[in-house]
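Notes follow once the structure below has been shown.
The values are calculated or read from the model by the stated rules, or taken from the named source; none is laboratory data. Please read these numbers as outputs of a predicted model, since none were measured by experiment. Here Cβ is always computed from backbone atoms with ideal geometry, including for glycine, and neighbour counts include all displayed protein chains. Surface accessibility is based on the protein's heavy atoms, side chains included, excluding ligands, DNA and RNA. Shrake-Rupley method; radii C 1.70, N 1.55, O 1.52, S 1.80 Å.
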Amino acid sequence: MAAAGSGPRAGGRERGRAAAGRRGLSCPTSLGWDLGAGCVLVVAHRPPPRAHRFCVPLVLAALPAMAAGEEFPPALQDAWGDFWLFRFFVNAAGYASIVVPGFLLIQYFKRKNYLETGRGICFPVIKSCVFGSEVKSAHPDDGSLPPRAEPTESSTARQILKLLFCAAGLQASYLTWGVLQERVMTRTYGATETDPGEKFKDSQFLVFMNRILAFTVAGLYCALTKQPRHGAPMYKYSFASLSNILSSWCQYEALKYISFPTQVLAKASKVIPVMMMGKLVSRKSYEYWEYLTAALISVGVSMFLLSSAPHRHASTVTTFSGVVLLAGYIVFDSFTSNWQDALFTYKMSPVQMMFGVNVFSCLFTVGSLLEQGALLESLRFMARHSEFAAHAVLLSVCSACGQLFIFYTINQFGAAVFTIIMTLRQAFAILLSCLIYGHTVTVVGGLGVAVVFLALFLRVYARSRMKKRSKKLPPGDTPAQKV
């Protein structure tokens, strides 16, 4: 009975194999792949439940190989590769391949009480990376910034020259950086009369270029100047580094979908999510005027975004993807600033913070680029287009120099003067972008821009008045109610 019952099934299997053979496909007796014939899956019998669990990860692991095969049209592959959300998850997977093993190692050393039992050559490195010296300042503001240089009896002309030097350095660095950023992300390279040229698409490579130079500059500065004794565990920089990478990536990617003036205004409005993150992360309280100016900024940005020009340039059309990327930039950047504020409870200088964050930024970006094979591809693009190579290097130089000008300006003149200079820089950046790249702004949009910058200057004025008033009040009195 058994032999008679198995005859039809065996015959069906033979006929299936013969049909598969005529089509040029393989038909194994169990679960199998034929990658050369189009990744055909044939199941001849049900595998046991345990084997089935191993097959699912195998199938998922083979999906990237399937996507890279010749059977998928190149246009489809390019469409997926150009989709920003797909690239975001690919980059995040690359960072996770470094973060997850690092997290497991940190947990292992903490569980083993390595600080008490560890010995050997690696002990100082592991102690610095995982435990640090755990020396914190008594107040959060003690180590956040170096003490501001008090004005000496030098002449007024000398102070004016210093201020002009700081303002010129900040404006030159960040205005050039903004113009180059828009040029690299929105224009083609190698265009001729017969060839339209090609655009550079990998924003992560630009982030890597910026971070590697900033890491070098900060390292040299720390090596050549006296710095406070470092006490923070090195791994804590990785949180700010990761959010900083993602915010920069969103910033570059957003220029593919929105105009540069829109991006500048979105950066100006990031005080709103910064305040929200401050409430959530650092449990900060804010004055009423801070909420008022934040509301004015949101109104001005809304006026600019909702205004429509009758003949708007194609590159200024705000798309949903651009808005999402801007939101991602603002959220990640807000987390970065608040996490850095928390890190400054350890006694460190801003340059040490710059060095620590950029160490992990270089590690994350180069690891992700190598895993994707994008590093060599970007270097080949640089070799094909020398103009792009010059732009990428100059972009990184402007970013690193701008950071140093920030530290010097705050040290010499304080945060209020620095904020005024940077607010003016944002206004000049919008004007310069409109002149060079032909962006159009309507009357309503122009009024929105004016409202935003009016609110920013009001914030600077109110903050300086509050500081003066708090200095005059006796200890224990509060200048205003915070919420």
**OP:** Using packing as a proxy for protection, rank 167-179, 435-447 so that the peptide with the highest average count of other Cβ atoms within 10 Å comes first.
**Re:** 167-179, 435-447
**OP:** Quantify, in whole percent, the carbon and sulfur part of the accessible surface of the stretch 242-292 (1.4 Å probe; protein heavy atoms only).
**Re:** 68 percent
Subject >> Distant-in-sequence amide H partners of LYS284 (H built 1.01 Å from N, under 5 Å) >> reply: LYS279
**OP:** Sort the stretch 343-395 into rounded, prolate or oblate with this rule: let a ≥ b ≥ c be the square roots of the eigenvalues of the Cα gyration tensor; rounded if a/c is under 1.5, and if a/c is not under 1.5, prolate when a/b is larger than b/c, oblate otherwise.
**Re:** oblate
Original post:
Listed here are the pairs LYS127/LYS236; LYS112/LYS236; LYS236/LYS467; LYS236/LYS279; LYS236/LYS347; LYS199/LYS256; which of them are more than 22 Å apart at the Cα?
Top reply: LYS236/LYS467
Original post:
Using the C-alpha gyration tensor of the stretch 259-302, what are the square roots of 5 times its eigenvalues, in whole angstrom, with the largest one first?
Top reply: 22, 13, 5
Subject >> Packing-based order for 82-91, 205-214, using average beta carbon neighbours within 10 Å, highest first >> reply: 205-214, 82-91
Original post:
Going by a ≥ b ≥ c, the root eigenvalues of the Cα gyration tensor, does the stretch 347-455 fall in the rounded group (a/c under 1.5), the prolate group (a/b larger than b/c) or the oblate group?
Top reply: oblate
Subject >> Calculated from backbone phi, Karplus (6.51, -1.76, 1.60) coupling profile of the stretch 449-457 in Hz, x at Gly/Pro >> reply: 4, 5, 5, 4, 6, 4, 5, 5, 5
